[in-house]
Structures are given as C-alpha cells and as structure tokens.
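*Asks:* Below are the structure tokens for one structure; questions will follow.
The values are calculated or read from the model by the stated rules, or taken from the named source; none is laboratory data. Note that the structure is a prediction, hence the values are computed from the model and not measured. Note that we place each Cβ from the backbone using ideal geometry, even for glycine, and neighbour counts take in every protein chain shown. Protein only, heavy atoms only, side chains kept; ligands, DNA and RNA dropped before computing areas. Shrake-Rupley method; radii C 1.70, N 1.55, O 1.52, S 1.80 Å.
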Amino acid sequence: MTVPTSTGIAEGQKYLLTMAEDGTLIYHAQADNPWLNGDYRDIDFRAELADVGNYGIERPAGKE
C-alpha cells in the first residue's frame, strides 16, 4: 500500500485490514516484534550474560 511520507508510517510497517459492519475498511498496525524489526540487532547478548548471569542453567542450592 502506498501512503504519503507525511503520515509518519515507517516503510515496511505491516497492517491488518478489517471491514466494519457498515463496509468501512480499517487498517490496524500489527504488533511490532523487536526480534524481527532490528531493534535488538545491536545488543551484545554475551556481554549481557556476563553482566547478569544465566539464571536458567545455574545449579540449584539447598533442598528445594
């Protein structure tokens, strides 16, 4: 779909088209996924693990 740049809609933004009971077409922006849109491309996950640890693979302590 082509829209004017003045709308502020980012190129590649995905929308879901629905139709109201009166026949009006309504576009709803789909939820933005940071894993797929590039928001997380600059995160150094190894550094994050070194900083906070990996709680999923720690040995249990005590008799839980």
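*Asks:* Within the stretch 9-51, work out how many residues are modelled with pLDDT of 85 or more and on the phi > 0 side of the Ramachandran plot.
*Replies:* 1
*Asks:* For the stretch 47-64, enumerate the residues that are charged (D, E, K, R) and either open to solvent by 100 Å² or more (accessible area, probe 1.4 Å) or in contact (Cβ under 8 Å) with a residue 12 or more places away in the chain (or both). Show your work before the answer.
*Replies:* Applying the first criterion (charged (D, E, K, R)) to the stretch 47-64 yields 48, 51, 58-59, 63-64.
51, 58, 59, 63, 64 - these are the residues of the stretch 47-64 that are charged (D, E, K, R) and either open to solvent by 100 Å² or more (accessible area, probe 1.4 Å) or in contact (Cβ under 8 Å) with a residue 12 or more places away in the chain (or both).
*Asks:* What number of residues within the stretch 1-37 are of a type in the set (A, V, I, L, M) and not in a strand (DSSP E or B)? Explain how you work it out, then say what you get.
*Replies:* Filtering the stretch 1-37 down to residues of a type in the set (A, V, I, L, M) leaves 1, 3, 9-10, 16-17, 19-20, 25-26, 29, 31, 36.
Restricting the remaining residues to those that are not in a strand (DSSP E or B) gives 1, 3, 9-10, 20, 31, 36.
Residues in the stretch 1-37 being of a type in the set (A, V, I, L, M) and not in a strand (DSSP E or B): 7 in total.
*Asks:* Filter the stretch 11-46 down to residues that are among the aromatic types (Phe, Trp, Tyr) and farther than 13 Å from residue 1 by Cβ and give me whichever is least open to solvent (accessible area, probe 1.4 Å). Even if it seems obvious, please write down each step before you answer.
*Replies:* Within the stretch 11-46, the first condition is being among the aromatic types (Phe, Trp, Tyr), and the residues that meet it are 15, 27, 35, 40, 45.
Narrowing the set further to residues that are farther than 13 Å from residue 1 by Cβ leaves 35, 40, 45.
Values: 35: 169, 40: 82, 45: 98 Å².
Within the stretch 11-46, the match that is least open to solvent (accessible area, probe 1.4 Å) is 40.
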